[in-house]
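**Student:** Dropping a structure here in structure tokens format, bear with me for questions.
Throughout, read-outs are computed from the coordinates displayed, never taken from laboratory work. Note that the coordinates shown come from a computational prediction; the quantities given were computed from them, not determined experimentally. Here Cβ is always computed from backbone atoms with ideal geometry, including for glycine, and neighbour counts include all displayed protein chains.
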Amino acid sequence: MSKLELKSRMKNLLMFLPNMVILCCKLMVDKRVPRTERALLAGAVIYAIIPFDFIPDMIPFVGQVDDLFLISLTLLRLIDRTDDTVVREHWRGGGDVVQLAESVATIAPLLMPRRIARVLLAKVKPTAEGSGLIINAAKFEPVLVETPEREQPSDRLGRLADMGKKKRSRSA
């Protein structure tokens, strides 16, 4: 997938940012959500609302990508720690919220500055089952490993696409 296609896909995903913020607010008051997760959801909502964060929201496109990315990671963590039906029950947007969050978590790091992506990804890890959800965040292992600068971005995208195909084939 080219950089232009990634940007186009991310622009479509950014349309879900308001719905994801509302979803986080609804999940914060749901008693089935553990307190730790509610606190993380509150932090993600505050991060998305405050205009001055890692990438200021005044910068078009990229300023909103990091907000959506952090909210998606928080939702994926919640889904991993609880039942996904809790999240799906509160979702009022179109499409499947889990697939949307996984798409954002895959595409956003490729469009953000590397240092910021590294900070946001520092304590998450995909599941061993290959579903793409977050597991064992307590181990503090990164989701993506930074590659040397000499590698072309298209190679990174190809590897991500291959990983996605392997994950789908394992779960089928």
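**Student:** Give me LEU14, LEU75 ranked fewest to most by other Cβ atoms within 10 Å of their Cβ, as a rough exposure proxy. Write out the running numbers ahead of the final one.
**Tutor:** On the way: LEU14 17, LEU75 30.
Least crowded to most crowded, the residues run LEU14, LEU75.
**Student:** Treat each spin label as a single point 7 Å out from the Cα along the C-beta direction, and report the ASN12 to ARG118 distance in nm.
**Tutor:** Label at ASN12, label at ARG118, 3.2 nm between them.
**Student:** Please arrange ASP83, ASP67 by how many other C-beta atoms lie within 10 Å of their C-beta, fewest to most.
**Tutor:** On the way: ASP83 11, ASP67 25.
The most exposed by this proxy come first: ASP83, ASP67.
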